[in-house]
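This report refers to the structure that appears directly beneath it.
Every number here is computed from the coordinates shown, using simple stated rules; none is lab data. Because the structure is a prediction, the values reported are computed rather than measured. A quick note on method: Cβ atoms are made from the backbone with ideal geometry, for glycine too, and the neighbour counts reach across all protein chains shown.
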Amino acid sequence: MKKLIILDWGGVTHRAIFAYRNNSQVPFTYTMLRMIIGYFKKIGVTLDDKVVVAEDFGSWRKDIDKEYKAQRKAFRESKEDSSWWAEVYKEANQFTDKLDICLPWNFIKIYKMEADDIGSVAVRYLDADEKILVTSDADWEQLCVIPNTKIFSIHTKKFKIVKNPEKILLKKIHGDISDNLLTVPKNEAEYEKRRMIVDLINLPQHIEAIIKPVIDTLPIKNLYINKVPFRTCQLELKKLYKLGE
């Protein structure tokens, strides 16, 4: 059975960074990679499976609604100043570039696209017997309307039961604190604007047109164990992919 695994990179990154704030002796990059390997062990990832790592790179949604996720930067900087976050994000990006070279995972980052957008297009257009979304973002539950799609939570480290994915969209249209969408649409125009921002099944045509060619041309990548950062992670990847057995 061939699986498609789509990883919400931002969710893992921030989880590792906040752990690093409490224990700066352990590099957050090490924590990130060990966390992902742990998730993939529970899922049962093999070299025959397709792994897509969806990254955030700005957001086209902020051009439509300036309040969208506007609170998140202030929250982060209430914990550490902007220069600290700039340095951490720089290190995270450099680490991602290293992993992209040595791992058989497709890292996708497109200007003004969120991981949500990449995950949406990937899960709808890539074929697999089983499609697994690795995330803590409830928005992604909308995508469980796609046949054979399920959520693996990075918080509980278990598969999540999603009974009514259609209700996630309706709930978000009426307001969502996590995205700073605090008001209820008052008319049809506001309703359609909100729906366009939060609907992951029906992305705007021009957004889909940017992402789909990237999804359609994903290269086949190889695993170069000796280039993977951290010796412990090399050993764990060998176990994950059953190398040398």
Over 27 Å between alpha carbons, listed pairs Lys66/Lys221; Lys2/Lys42; Lys69/Lys171; Lys66/Lys150: Lys66/Lys221; Lys66/Lys150
Vicinal HN-Hα couplings computed from phi for region 10-15 (Karplus, 6.51 cos²θ - 1.76 cosθ + 1.60; Hz; Gly/Pro x): x, x, 5, 4, 5, 4
Backbone N under 17 Å from the Asp199 label point (7 Å along Cα→Cβ), restricted to region 142-173: 142-146, 165-173
Loop-resident sites, region 110-162, for chymotrypsin sites (Phe, Trp or Tyr not before Pro), counting at most 16 other Cβ within 10 Å (DSSP): Tyr111
Backbone HN-Hα couplings from phi across region 144-157 [Karplus 6.51/-1.76/1.60, Hz, Gly and Pro as x]: 6, 6, 6, x, 6, 10, 9, 9, 10, 7, 6, 8, 8, 6
Relative contact order of the chain, pairs being alpha-carbon contacts under 8 Å that are 6 or more residues apart, as %: 27
Positive-pole candidate from Tyr30, His14, Thr96, dipole of the chain, charges at beta carbon: Tyr30
Normalised convex hull volume, region 164-227, alpha-carbon set, Å³ per residue: 165
Degrees separating the helix 82-102 axis from the principal Cα axis of the chain, which is the longest one: 60
Ratio Rg/Rh [Cα only; Rh per Kirkwood] for region 70-196: 1.00
Assigned charges on the beta-carbon of Lys, Arg, Asp, Glu; region 1-62 dipole about Cα centre (debye): 140
The chain: calculated mean residue ellipticity at 222 nm from DSSP helix runs of at least 4, using -39500 (n - 2.57): -14500 deg cm²/dmol
Antiparallel bridge percentage (DSSP; both residues within the chain; nearest 5): 20
Magnitude of the charge dipole, the chain, Cβ model with Lys/Arg +1 and Asp/Glu -1, debye to 20: 820
Sorted largest first, extent of region 1-144 alpha carbons per principal axis (Å): 47, 41, 25
